[in-house]
Each structure stands twice: as structure tokens, then as C-alpha cells.
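The structure appears right after this line, and notes come after that.
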Amino acid sequence: MRTPRLVYADQRGNIYDHPELGMAGAAAGRWEPVSEEQVIPLPPGSELFLLPGRLPVGVGPGGRFEVLEHDPTHPGRPVTAVAAFMAPAHTATLWAAYQTRLGAPNLPLFAYAAVGFSRGRFVVTGLRVDPSPRQDPERFPSPQRIAAQARRLLRRYRDNRLWQQLGTCALSYGCPAARNLMLGRWEAPLPTSPACNARCLGCLNHQPEGRFPCTQRRMNFSPTPQEVAEVALHHLRHARDPLVSFGQGCEGEPLMQEELMAAAVSRIRRGHPTGTINLNTNGSRPEVVRRLVREGLSSIRVSLNSLLPERHRAYYRPQGWSLEEAVQSIREVKRAGGFASINLLTLPGLTDRPEEVAALRRLIEDTELDMIQWRNLNIDPEVYLAELGLAPPEERMGIAELIADLKRRYPRLRHGYFNPKLEPRAR
């Protein structure tokens, strides 16, 4: 069995492949050897990260795991573990294997796929789960062209605060969805809420405890229904393969803005009877979801880390709601004939444990779920597992095997990474 080689970083941050040790991965803290059959070439647009305070783990002779403490080409010099943050549309099947040193800092809020070296190139433990090219790096033109198109739109809508916010997202933060809005194609973001009713352990834009650095800023205002509708209708009328989505990484929970959301959805639907209006949400307020569907909402994507209540609660730290409400929100959309997805925050070694797999199957069957979006959970796995009170798994199915199993069991269930544009249907 051919094995990719371990990669590590020297004290200057240069990355090398090890001359003798093979590649290893981790499933919720359990180290596993990696074979050639488990890897794909590092996708374009991915990044390699150094993991401070963490030593690389490889596979030595006889299949033994070895912790690499010193640079093999410069004896005595320190080394650092390396991981890959894969480009959108890809899901990790194993995370990086490492040993954490005492006093190591928490890792920032990214996903850390195992990376190795084989046949002259970097490889990762992952798979592409969505063929859509909407966030592939080669599909974006030069920053100068994006900026020029953004400036034209921002001048046209100079009095619309939401357009101006999205211009910042596109030009300052490099948000792919905001850039696609400026380019007139695919899915456009509609952030609306500075407030939230969860205190997610891995929140990207709000960390009052200072446990992790925020990767982006949360919006600090609520747009008007007219501002929201102006963005959405421009996109639905002029863009290629358009859809619009509430609930973005730069905001809190959109269901906290019931009146704003209801009025905005109603305005959008009156202006465009058939366009796809999607809501990304934690699903905390099913009664609001029911109202939004009546106003013209097309689809929902509920974010979940687990279908077990205690694990869901430990990550989301909900304020006045629970997993039960999140599942009920899915039912509300399905009852009205809408399209329902879950945003499954995936961690190898947790998502594919037997009890998680059984609970996921029950959800699919009980709600007639339409789609699973296989998103990598962005978090330090050791902090996450400690918060959930979990040890490394004794048994797991494997992420690729889980996806294949669900495809066999539920042929109509869709799998992907992005919200789909739905077939036109007049309301």
C-alpha cells in the first residue's frame, strides 16, 4: 500500500516532506495512517497553515506512529505541524495528526485537514462534494476588475447601506459570495441581523470570551426592508443563475429580525415571483420560519453540528431554544412544500460515530430532508471535544463512507456544499 509522505515546517516556516515517515491523519483525536486511496491533490485555492505549539505525527516502520520533534535535515532544530484549509466545495475526511505541547495557543477558527506529499505534489484527506464552480478561484477575475464593477454598483446604490456593507465584504474581506454579487452571478448574500440568540463556541464574528480570534467583523446595523429588497431584486433580475440568501458569516441570527425579514421577503417576492429566496439559520424560531414561508421564502438551510441534543447544546449554547426548534423549522418548510437543507458542520471522528449516523438517518426519514451540505467545522478540535466531553472514537464509519451510505439509502437526498438555485415556481 503506497503511503504519502509526512510534511512538516522548519523553524523558519519552510515546508518539507519527510524522507522516511508516512502521512497520518486524525479523527477527533484518534491517529490513523493515510493511504494513497484516501487523498486527493490539494485543491486550487486551498491554504497551508502552520500549527503553533504542535508537533507533526507520521507513520514509521511497522505502522507505528512517531512524533517528530526535530528537523531531520538539521538535527536539534524545532519543527511544527502543518495542515490544509481546503477550498470551498471540499470536505475533509481526516484532520491533521499532531501532538500538542503544553501551553500551545488555541488554533484560530479554520478547518485543519491532513496534508501530505505524493508524486511531486501536496495531497489532502478530502473529497469534492459539490461540482458547482461558484467559488472556485479560477472563476474570479482580477481584483482590479472586481473592484471596478463593485465601484459602479456602489455609486449606483450610494444611499443603500446594505450595498455599501456588501462592497466592504467583497473588497476588504474577499468574501466569495459578496464578490459574486458584484460580478452578477450565482448566490448573493443578504445579511440583516446584528443580534443573535446563540453563543456558538466557534462563532466567526463574535467572541466575547476571547477564546478565539474573530476572522471577520459582525455587521453593526439592521438594514431596512427596502434596502434588502433593492439588493435582492437587482441580483435576481440581472445576474446569471441567481439566488439570494439571508444568514451570512458577517451577521448574527436573521430570525431575530422577524418584522424586517417578513417585510423584505414580501417585497422581494412581489418584485420577483419565481426567484429562489433562501434562509441560512440556526432554526431557533420555527414560528417565524412559518411566517416567512407564507411571505414567499423558497428554502431553508439549518446549521447543525450534531443531532444529539447535549452535543448541539454544548456547541451552539442557545439562548431560549433547543435542537427541537431547529428540527421543527425544517418541518415547517417541508410542510409548505419548500426545500430544506442542513448545514452539517463536519468533524471526522464525531460526525461519523454510530450514534451520530443513526440520529442523522432518523432526521432524514422523519423530515424528508432534501439536502445535506457537508461543511467543515472551523474550530480547534481539542477545544471542541473537551467542550462536548468526548474522547477519541472507538468506532467510526468514515466521512466518505457515510456519504456513500446515505446516497445508497436515500437516492433522492442531495449532497453538496452550496445552496441550490431551485426550479422557478410562481407563488
Filtering segment 218-267 down to residues that are of a type outside the set (D, E, K, R) and touching a His at 6+ places or on another chain (Cβ under 9 Å) yields A232, L233, L236, P242, L243, V244, G252
The residue that is surrounded by the most Cβ atoms within 10 Å (Cβ to Cβ), considering only those in segment 41-68 that are within 19 Å of G13 (Cα to Cα) and in contact with a Pro (Cβ under 8 Å, 6 or more places away or on another chain), is L68
Picking from S341, S329, S306, the residue that is in contact with a Gly (Cβ under 8 Å, 6 or more places away or on another chain) and crowded, with 23+ Cβ neighbours inside 10 Å would be S329
Q. Right, E382: surrounded by 15 or more Cβ atoms within 10 Å (Cβ to Cβ), in contact (Cβ under 8 Å) with a residue 24 or more places away in the chain and in a helix (DSSP H, G or I) or not?
A. yes
Answer yes if at least one residue in segment 353-370 is of a type in the set (S, T, N, Q) and touching a helix residue (DSSP H, G or I) at 6+ places or on another chain (Cβ under 9 Å), and no otherwise. yes
Taking segment 11-36 and keeping residues more than 26 Å from the chain's Cα centre (by Cα) and among the aromatic types (F, W, Y) leaves Y16
Wholly inside segment 1-120, strands (runs of 3 or more DSSP E) that include 3 or more residues that are outside the structural domain of G210 (by TED's automatic domain parsing) and touching a Lys or Arg at 6+ places or on another chain (Cβ under 9 Å) are 15-27, 54-59, 98-100, 115-118
Checked segment 286-305 for anything touching a residue at least 60 places away in the same chain (Cβ under 8 Å) and assigned to a loop (DSSP other than H, G, I, E, B); matches are G296, S298, N305
Out of all the residues in segment 225-241, is one or more among the aliphatic types (A, V, I, L, M) and either out of contact with any helix residue (DSSP H, G or I) (no Cβ under 9 Å at 6 or more places or on another chain) or part of a strand (DSSP E or B) (or both)? no
Of (1) modelled with pLDDT under 95; (2) farther than 20 Å from R396 by Cβ, G63 satisfies every one except (2)
For segment 87-109, does any single residue satisfy the condition of being out of contact with any Pro (no Cβ under 8 Å at 6 or more places or on another chain), at positive phi and surrounded by fewer than 20 Cβ atoms within 10 Å (Cβ to Cβ)? yes
If you go through segment 274-282 one residue at a time, do you hit one that is in the same structural domain as L181 (by TED's automatic domain parsing), over 30 Å from L153 (Cα atoms) and touching a helix residue (DSSP H, G or I) at 6+ places or on another chain (Cβ under 7 Å)?
yes
Taking segment 324-379 and the residues there that are touching a strand residue (DSSP E or B) at 6+ places or on another chain (Cβ under 6 Å) and among the basic types (K, R), the one that is farthest from V129 (Cα to Cα) would be K334
ask   = touching a Leu at 6+ places or on another chain (Cβ under 7 Å) and either over 19 Å from P254 (Cβ atoms) or not in a loop (DSSP other than H, G, I, E, B) (or both) - does that describe any residue in segment 194-211?
value = no
For segment 142-193 the number of residues that are under 30 Å from R317 (Cβ atoms), part of a helix (DSSP H, G or I) and among the β-branched types (V, I, T) is 1
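The values are calculated or read from the model by the stated rules, or taken from the named source; none is laboratory data. Quantities reported herein were computed from a predicted structural model and do not represent experimental measurements. Using ideal geometry, Cβ is built from the backbone for each residue, glycine included, and neighbour counts are taken over all protein chains shown.
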